[in-house]
1. Can you name the residue in the stretch A:123-147 that is touching a residue at least 12 places away in the same chain (Cβ under 8 Å) and polar (S, T, N, Q) and, of all such residues, is nearest to A:GLN205 (Cα to Cα)?
2. Given the criteria at pLDDT below 90, surrounded by fewer than 24 Cβ atoms within 10 Å (Cβ to Cβ) and either within 8 Å of chain C (Cβ to nearest Cβ) or assigned to a helix (DSSP H, G or I) (or both), does B:THR154 qualify?
3. Which residue is farthest from the other protein chains (Cβ to nearest Cβ), if the candidates are limited to the stretch C:21-53 and must be more than 24 Å from B:ALA106 (Cα to Cα) and of a type in the set (S, T, N, Q)?
4. Just to be sure, is C:GLY84 part of a loop (DSSP other than H, G, I, E, B), away from chain A (no Cβ under 14 Å) and either within 24 Å of the chain's Cα centre (by Cα) or not aliphatic (A, V, I, L, M) (or both)?
5. Which count do you get for residues in the stretch C:241-280 that are among the small types (Gly, Ala, Ser), more than 10 Å from chain B (Cβ to nearest Cβ) and in a helix (DSSP H, G or I)?
6. Name, by its number, the condition in (1) of a type outside the set (S, T, N, Q); (2) more than 8 Å from chain C (Cβ to nearest Cβ); (3) more than 30 Å from A:SER259 (Cα to Cα) that does not hold for B:VAL110.
7. Sort out which residues of the stretch B:213-246 are within 13 Å of chain A (Cβ to nearest Cβ), part of a helix (DSSP H, G or I) and either buried (at least 20 other Cβ atoms within 10 Å of the Cβ) or free of Cβ contacts under 8 Å to residues at least 24 places away in the same chain (or both), and write them in order of number.
Amino acid sequence: MRLLKFGVAGLAGILALTACGQGSATKEAAAPDGKSVVRYMNFSANDGHEKDLTAIVNAFQTANPNITVQVETVPYANYFTKLQTAVAGGTAADAFELNYENFVTYASNGSLAELKSVDSSVYKKSLYDAFTSDGKQYGVPESFSNVVLFYNKALFKQAGVAEPTASWTWKDEQAAAAKLTNKGSKVWGDYQPVSYNEFYKVLAQNGGSFLNAERTEATFNSPEGVEAAKFLVEKVGKTMPTEADGAGTPDFDSKLFKSGKLAMWHTGIWMFSPMADAPFDWDVVVEPGNTRKASAMFVNGLVVNAASKNAEAAQKWISFLASSDDTTKTRLATSWELPPVADEAKLAPYLDQPKPANREAVFTALDEPVLPPVIERQQEMQDLVTAELTSAAAGRKTVEKALADAQTKVNGLLKK
Amino acid sequence: MRRFLLYAAVLVGAAVMLFPFLWTVITSITPEGSLADGPTLVVDNPTLDAYRTLLDAMPIWRILANSLLIAIASTVFQLVTGSMAAYGFARLNFPLKNVIFGCYLATLMVPLQVLVVPLFIEMKTLNLQDTYFALLAPTIASAFGVFLLRQAVTAVPAELDEAATIDGAGHLRIFTTIVLPLIRPALATVAVFAFMGSWNSFLWPLVVIRSPEFMTLPLGLATLQGQFTTQWDVVMAGSVVSIVPIAIVYLLAQRHIIAGVAHTGIK
Amino acid sequence: MGWKKLGWVLFFLLPSAIPLFVFTLVPMVSSLWVSLHKWNLISPMEWAGLDNYTNLLTDPMTRRVFLHTLIYVAGYLPLVYAGGLGLALALNQRLKGRAFLRATYFLPVVTSWVVVALVWKWLLNPANGLVNQLLGAIGLSGPGWWTDPQWALPAVILSSAWKDLGFVMVILLAGLQSIPSDVYEAATVDGASAWQRFWRITLPLLSPSTFFVVVISLINGFQVFDQVYVMTGGGPAGSSQVVVGQIYDLTFRYGRAGEASALSWILFALILVITVIQIRGQRKWVHYA
């Protein structure tokens with residue numbers, strides 16, 4: 001009996017304790033007159049750049065004393081789960097971050113507020129235009145990064161192979177990779193994931209196109225497409241580690257490169273800082289093309305929630321976060337993703353940083369960029385293209401069959 | 001000889017069970033701990049850097065306190081609500097009893113992944129999103145606990161109740177003085193699983209919590225995985241931090257699971 | 001039934017019934033409603049009637065994910081029950097360091113799947129994993145495990161059974177504790193062998209715990225998700241995708257929450273039928289005190 005009374009009292013206490021503590025992030029409504037609170041959700045500050053984002057927020061709040069920015073940072077892997085649930089429940093932040101691939105889905109579903117009177121001149125035009133949908137501006141570019149070819153200078157020297165140059169083609173890469181691969185000492189010549197992201201890029205490097213101009217039909221199952229897919233898939237096991245060698249396990253490629261066992265590596269410029277302390281000399285170069293050059297570019301954008309009550313303040317904040325000099329300086333100083341500003345003089349400090357020596361390549365690559373092909377059912381398309389290519393790489397299907405199957409399935413997604 | 005074989009088998013098995021945990025600990029103290037190369041059993045320069053990084057990366061004490069509060073509350077609630085329901089189903093007779101018990105079990109049959117969005121909208125409607133209560137709510141009662149405890153109550157000989165009823169005891173007294181002490185092993189088991197369920201829960205806290213001051217441990221550990229790279233030594237340090245409290249809870253509960261024999265007094 | 005009796009029923013049941021109703025049943029019913037709509041979470045729902053159900057029933061992917069889930073359950077349950085029972089019996093004996101051993105076997109249960117999956121991916125690495133090296137040492141060539149569509153699901157089954165052994169062990173240990181020792185003593189006096197005691201006493205008296213383990217493992221097994229998600233991601237080429245994996249992808253990655261809800265109700269129906277059959281059948285083999 002005493003036990004029961006004790007229990008009941010305890011439960012009542014816990015209930016009271018847990019029910020009354022509503023979080024600071026939810027108690028926003030009570031902002032004083034003339035002040036507004038902008039809630040901002042993002043993924044790109046997670047794991048390393050939280051403090052840099054705080055610095056930008058502070059600079060913004062100093063310049064706009066009437067606006068308080070409340071930041072919520074969610075890891076990329078869980079970001080969209082959380083964002084969708086919040087949109088469904090009507091609690092999404094006033095402003096949030098979207099990568100270009102997901103932008104189309106949100107814009108075409110009416111979740112985003114149209115941005116009015118944006119000063120577009122501060123942004124690099126191609127990046128700004130990426131966030132237009134049906135002739136309306138639904139976002140501003142926040143940052144971008146691209147993919148280049150990393151290479152281990154020591155391994156090239158050791159094997160007596162000439163280092164890659166900007167004029168390299170696939171053939172040069174293949175020949176060098178073959179010479180650099182030494183299965184006895186577990187050194188691999190090349191690494192390029194077999195995935196959607198790599199495929200649309202090599203397709204562009206081979207002069208093919210993924211979708212038709214109206215984005216109503218997939219066109220990648222072409223002679224160019226088959227050749228591009230073969231270029232990618234036939235590396236596996238020959239000059240590039242297979243899944244059975246460990247490819248696909250977390251951070252496999254970065255560890256392999258850093259341990260000096262990988263000669264060439266197709267990856268993003270976000271790997272500059274993690275590789276800064278690699279115990280050997282390495283550099284980067286624009287990726288080789290076949291019939292033409294094409295470098296993958298990934299863009300993050302900033303958007304305003306269509307349901308936001310603080311749309312004006314929110315737009316002010318995202319404009320600041322996208323294009324202010326404070327942001328540009330912070331991004332460059334901390335090796336975050338690159339700012340999307342039009343004025344290239346502002347990017348100069350980036351080139352002055354030490355490793356890798358050939359930072360120019362990052363900007364040269366931008367001359368011939370390729371953005372991911374985007375449809376409304378983006379994730380499904382990416383998953384199925386990757387799955388088909390993986391099947392081909394594992395030898396379960398021919399490349400031709402895999403591409404034909406992928407094309408049929410993507411067309412199915414475009415119809416629904 | 002048989003005993004020796006038994007020992008050998010059990011010890012080999014234990015090594016296999018212990019191995020991943022050991023690997024976790026070792027990776028967490030290896031400088032630049034990596035998973036790509038497989039585990040090593042000897043660490044050249046053991047370091048606590050990963051744990052320091054963990055301390056810097058997040059308000060770990062606050063996060064641990066949140067997780068503990070919710071896990072303990074959820075355990076206490078499930079023990080109380082579960083044992084009462086178990087008594088009801090095992091000892092009382094009422095119409096539709098099996099159907100109602102079926103409804104309890106049915107709550108276990110729809111995956112959380114599909115309930116998360118409706119539940120979130122419900123919480124928002126009740127204006128309870130982003131509170132401690134929201135974290136706790138789905139684990140106040142669990143059909144798993146009710147079921148496990150019902151099995152235990154059913155195993156308590158009915159003669160004991162009957163004797164007490166003759167002595168004039170009511171349901172409440174039978175429940176608290178006869179049934180509860182006799183189902184201690186099952187209560188301890190439920191406590192372990194309730195604590196663990198809450199402690200490891202990820203999807204629901206992810207969705208319902210917005211304010212950093214309510215962050216729980218699995219959410220905190222998830223922030224260690226970057227979009228492009230992950231510091232595995234820090235992730236592993238986080239895993240060690242998350243395993244140790246449940247291991248302690250289990251060790252505490254285990255005494256009761258064993259002690260159960262001495263106290264049952266069933267002759 | 002009198003008021004007083006009803007009062008007792010409510011007193012004992014309401015503390016669990018109210019939260020289960022509000023925080024589980026209500027969302028369940030909402031998801032039933034969602035299953036009749038086309039919904040991508042970010043734009044308003046559109047009525048779809050039974051379209052989601054008919055689409056799922058004609059989609060070959062549905063059959064595949066159910067088949068994979070059934071294979072998982074069929075492989076997992078016997079392994080984990082036999083292993084857990086063996087462990088419980090072994091660790092119920094008076095061994096030195098018994099408490100430590102029990103805790104060791106329980107450790108994997110509390111370790112998160114993220115870590116366990118990493119370890120198992122390494123152990124089952126086709127090229128240099130420990131398991132294939134051991135198989136190689138006795139002259140067998142190991143399979144491709146999670147890189148091979150034939151072996152991805154067995155790899156998941158193996159690691160799941162390994163992780164959950166401790167769970168079954170704990171439940172069955174608690175059950176073994178409630179078997180009075182004098183029953184064994186009497187049987188020994190009657191000259192029953194250890195084997196006979198196991199079949200005639202241990203198993204029957206353990207049946208309530210066994211019943212619990214089987215029912216719960218089936219309910220949970222049909223909803224297997226975490227281990228598949230972190231170990232194989234449903235691959236290679238969808239060869240290990242399970243029902244809840246598909247539900248997760250449909251809801252949170254593919255913006256098809258309506259179909260996800262419909263799929264989960266088809267799964268619900270299946271689990272319900274299996275559970276009801278077990279509850280009906282328990283009279284034949286479960287012995288309550």
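1. Only one residue fits best here, namely A:ASN146.
2. Yes: the conditions hold for B:THR154.
3. Filtering first and then ranking leaves C:ASN40.
4. It is false that C:GLY84 is part of a loop (DSSP other than H, G, I, E, B), away from chain A (no Cβ under 14 Å) and either within 24 Å of the chain's Cα centre (by Cα) or not aliphatic (A, V, I, L, M) (or both).
5. 1
6. (2)
7. B:PHE214, B:PRO218, B:LEU219, B:GLY220, B:LEU221, B:ALA222, B:TRP232, B:ASP233, B:VAL234, B:VAL235, B:MET236, B:GLY238
Quick grid of which residues meet (1) more than 25 Å from the chain's Cα centre (by Cα); (2) not charged (D, E, K, R):
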residue	(1), (2)
C:GLY2	yes, yes
C:LYS5	yes, no
C:LEU10	yes, yes
C:PRO15	yes, yes
C:PRO19	no, yes
C:PHE23	no, yes
C:VAL26	no, yes
C:LEU32	no, yes
C:LEU36	yes, yes
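The values are calculated or read from the model by the stated rules, or taken from the named source; none is laboratory data. This is a predicted model, so every value here is computed, not measured. Heads up, the Cβs are rebuilt from the backbone with ideal geometry, glycines too, and the neighbour counts pull from every protein chain shown.
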